[in-house]
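Visitor: Attaching a single structure in structure tokens format; questions to follow.
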Amino acid sequence: MARIALLLLLTPFGLHAQVSFERLLNADDEPHNWLTYSGTYASTRYSLLDRITPANVGELELKWVFQAQSLEKFESTPLVVDGIMYLTEAPNTAVALDAARGRVFWDYRHNPSNLSRPCCGRVNRGLAMLGDTLFMATIDAQLVAIDAVNGQPVWRTAVADPGAGYAMTLAPLVVKDKVIVGVAGGEFGIRGFVSAYDAETGEEAWKFYTIPGPGEPGHETWEGDTDAWQHGGASVWLTGSYDPDLDQTYWGIGNPGPDWNPAQRPGDNLYSDAVVALDPDTGELQWYFQFTPNDDYDYDAVQIPVLADIGLETFSSGRQMLWANRNGFFYVLDRTNGEFVRGEPFTEVNWASGLSESGRPIETPQPPGETTYPGVQGATNWYSPSYSPRTGLFYVPAWENYGSVFWPEEQEYQEGLRFLGGIPGTPIPGGPNVPSLRGDRINNWTEAVGTGAVIALDPVTGEHRWKYEMTDVTTSGILTTATDLLFTGGREGYFHALDAVTGDLLWRTNLGGDIANGPISYAVDGRQYVAVAAGNGLFVFGLRD
Amino acid sequence: MRRLLFGVLASLFAGGQLMAQAHVGQYEQADIAYGSTLYATYCVVCHGESGDLFPGVNLRSGVFRHAASDRDLRGILLDGIPGTTMVAGAYEDAELVALIAYLRNMDTEIGGVALGDATSGQALFAGKGDCGSCHRVAGQGPRFAPDLSDIGAIRSASVLSRALEDPHGSTLPMNRAVRVVTAEGTVINGRRLNEDTYSVQLIAEDERLLSLDKRDLREYTILTAWDLPSYDDVFSEEEVTDLLAYLRSLKGMN
């Protein structure tokens, strides 16, 4: 009996272990798998699985738990390929496990150099896969290829110098035969870039600097004869998207540095706080759109570029990109050319009174000592949103009622040291300067300094359809499904299933730890699962057998 | 030699035998100033300007969960705290001396609050102020109002001074009063201990710990002000500085 089950489990692996580019392109044809960080190249985090429905979601039960050995935040989104789950444990351990039982096949531990200087924890957001190779971007700025069958390293390439503040926390993106990554380090005065490596050999194929050098278009947006551009940040710490028809890959770019002192870097500071469209073969810039020129507030445009065709043909090509930005505005762009279609604030914003016809913010800086909304962690951040083509709604994890007081300061750049140019503070004198980077199990303050919400936006009109409010802020991504379920978590440790149409709560369970990744759904042997990380564990739910 | 002396002082301090001001003057002003710039560069992004960004960690308090002596602090800075995001750093000796000097003086540097005589403050607390009729210290007194046993370790002098000057206006979010009316109509006044989207945990006036489902309640109100006595006419300026010195000396059982 046991042996038969084993055989059943093993056969499909032999047949399907290879993840070809073809399969990545058509990920929607195999919704039982989760092949890339955001599920598909369009990054909608919308699952076509339909076994779990609003009618039976109340019967979800815990199937298994994976407890990470690391006590860092669990921000990794697992991949699932034909019954095997691949995830990372902070800082840089890759693990392969049985997606139906949670038992581990192998783990591979990369020991990062202690030169690495992550700004905000030694976190990692997951893997990419091509053929039978996994790719992991490490906190000491290495790209490692790992054999998906036996967990052995295949090649390792140094992407940048960790001692100079470069790090990587993102899950790579595979396009065709290349592995694309970007570098973090926006708090250390790096010069950011997106770069691509041959998946076979690890050799660098191209490199796109997110800050143009002398002579390149855009360099003039780093005004004056200074070296500000060389230390201007513009990091890339979240996975991009890809449109195969346009053959463009899209990446959100981080804040300019020093973070809070724009006077030290006059000009628009391209391509900081922008989205760039790149040719995946050459890295050549196709277009860009900048959300926050000459940023004062650390409003990284490090969000997932969500590709959706929402039928706004009258305004544009009909191929859109949806973007709820850390700066508090929700944008619709034409992704063929980066043109601004429309945009409006999705929560309190007072640093700008609106957007011009071209999408440029009309800035209204607050007087010194006054509170700026949104605060330094943003109205949203890297937490994945979701778009459901069934409801036509875009779902954003948001921080509301949340502001900071910004105090800019002159700062000299020194290699490897933090390069911040000031400090953001709390609007409450003597009060807690939270929500901090990490959640806490005691929350008797956030109603005063910032609360969480899932906001359902109609991207056609910008209208808020519904909102699900939480007492604590949320760092959880969102998943929607073909049965109009929405799964999300939050700092409080609750894992919720909401009705994606109405926002009604259908089911919840308390997982007892900060939920800081994005839930995913997959199926093994016809059984649908939903997986989410909380605290230091990954919790996997399914229907009662 | 110099470092050894610091170590001795620091452990006395951690034992609660020395008042807050005992440290002032033990560190070079130049070190403190240099330390403050290093702090702004390396530490502020995580710990915040006033060193209290992490719940339970207040770098200004003079009491550390992971360190008693300056030598322990040095170890933390060089090695980080495993299992947390507190990072290891390759600091040079001069940088370490400066960072520690700043940590030890951060409160005075930031707050600029004058502290008087803690022994007189203790007498005022028990006597004229009658603070003990509401606050518990070291196991004595009621528990409905915040326990002040370690208030000197978790709050800066400037925050404490505001609490005395303006008891009504200065209530921090973590000390909110809540008013609850249950489905049966029972009214409960409490101090909120914890809250999430669906439930609230509180200590009631009669010192019961209660956890309530919000959706079962007829009313749930978070009050921003308590009905507290004002000390405007009760204490002289000097007495306020004495009370502050006493509060700052309350560092809990460490």
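Coordinate-derived values only; no laboratory data. Since this is a predicted model, take the numbers as computed values, not measurements. Cβ sites come from the backbone with ideal geometry, for glycine too, and all protein chains shown count toward neighbours.
Visitor: Based on a Kirkwood Rh over C-alpha pairs, give the Stokes-Einstein translational diffusion coefficient of the protein assembly as shown at 10 °C and viscosity 1.306 mPa s in µm²/s.
Guide: It comes out at roughly 57 µm²/s.
Visitor: Related question: Quick one: grab Rg to one decimal and Dmax as a whole number for the range B:177-222, Cα atoms only, in Å.
Guide: 9.3, 25
Visitor: Could I ask something else about it? Starting from the Cα gyration tensor of chain B, multiply each eigenvalue by 5, take the square root, and state the resulting semi-axes largest first in whole Å.
Guide: 36, 23, 15
Visitor: Hey, what do the phi angles of the range B:144-149 turn into as Karplus ³J(HN,Hα) couplings, whole Hz, using 6.51/-1.76/1.60 and θ = phi - 60°, x for Gly and Pro?
Guide: Calculated HN-Hα couplings, in order: 5, 6, x, 6, 9, 4 Hz.
Visitor: Straight-line reach from B:Lys251: which aspartates and glutamates fall under 13 Å, measuring Cα to Cα and dropping same-chain residues less than 8 apart?
Guide: Output for B:Lys251: B:Asp147, B:Asp150.
Visitor: List the GluC sites (Glu not before Pro) in the range B:181-241 that DSSP assigns to loop (not H, G, I, E or B) and whose Cβ has at most 14 other Cβ atoms within 10 Å. Which are they?
Guide: Sparse-neighbourhood loop GluC sites (Glu not before Pro): B:Glu184, B:Glu205, B:Glu207.
Visitor: Let me ask something else. Filter the cross-link list A:Lys63/A:Lys176; A:Lys73/A:Lys467; A:Lys73/A:Lys178 down to pairs whose alpha-carbon distance in this structure exceeds 32 Å.
Guide: A:Lys63/A:Lys176
Visitor: Give me the percent relative contact order of the range B:177-222, please, defined on Cα pairs under 8 angstrom at least 6 residues apart.
Guide: After rounding, I find 40 percent.
Visitor: Calculated from DSSP H runs of 4 or more alone, at -39500 (n - 2.57) each and per residue, what is the 222 nm mean residue ellipticity of the protein assembly as shown, nearest 500?
Guide: For the protein assembly as shown, the value works out to -4000 deg cm²/dmol.
Visitor: May I ask for the equivalent-ellipsoid semi-axes of the range A:358-403, computed as the square root of five times each C-alpha gyration tensor eigenvalue and listed largest first in whole Å?
Guide: 28, 15, 8
Visitor: Let me test this: with uniform point scatterers at the alpha carbons of the range A:453-545, what is the Debye-based log₁₀ I(q)/I(0) at q = 0.11, 0.23, 0.26 1/Å?
Guide: Here the Debye-derived log intensity ratios amount to -0.31, -1.20, -1.41.
Visitor: Order by neighbour count: A:Val524, A:Val174, fewest other Cβ atoms within 10 Å first, most last.
Guide: With the fewest neighbours first, A:Val524, A:Val174 line up as A:Val524, A:Val174.
Visitor: If you consider only alpha-carbon coordinates, what radius of gyration and Dmax does the range A:100-154 have, in Å?
Guide: In order Rg, Dmax, the Cα atoms of the range A:100-154 give 12.6, 38 Å.
Visitor: Suppose we look only past 27 Å in the calculated P(r) of the range A:143-285. What percent of the Cα-Cα pairs does that tail hold?
Guide: So the portion of pairs separated by more than 27 Å is 22 percent.
Visitor: Could you please state, rounded to a whole Å, how far the C-alpha centre of the range A:85-105 is from the C-alpha centre of the range A:243-316?
Guide: 33 Å
Visitor: Per-residue mean of other chain beta-carbon atoms within 10 angstrom of the beta-carbon, peptide A:470-477?
Guide: Average per residue, whole number: 2.
Visitor: Over the C-alpha atoms of the range A:224-298, what are the Rg and the largest Cα-to-Cα span, Dmax, in Å?
Guide: 13.3, 41
Visitor: Here's another thing I want to ask about it. Quantify how strongly other chains surround peptide B:34-46 by giving the mean number of their Cβ atoms within 10 Å of each of its Cβ atoms.
Guide: That average works out to 4.
Visitor: Within 10 Å of each Cβ in B:50-58, how many Cβ atoms from other chains are there, averaged over the peptide?
Guide: 5
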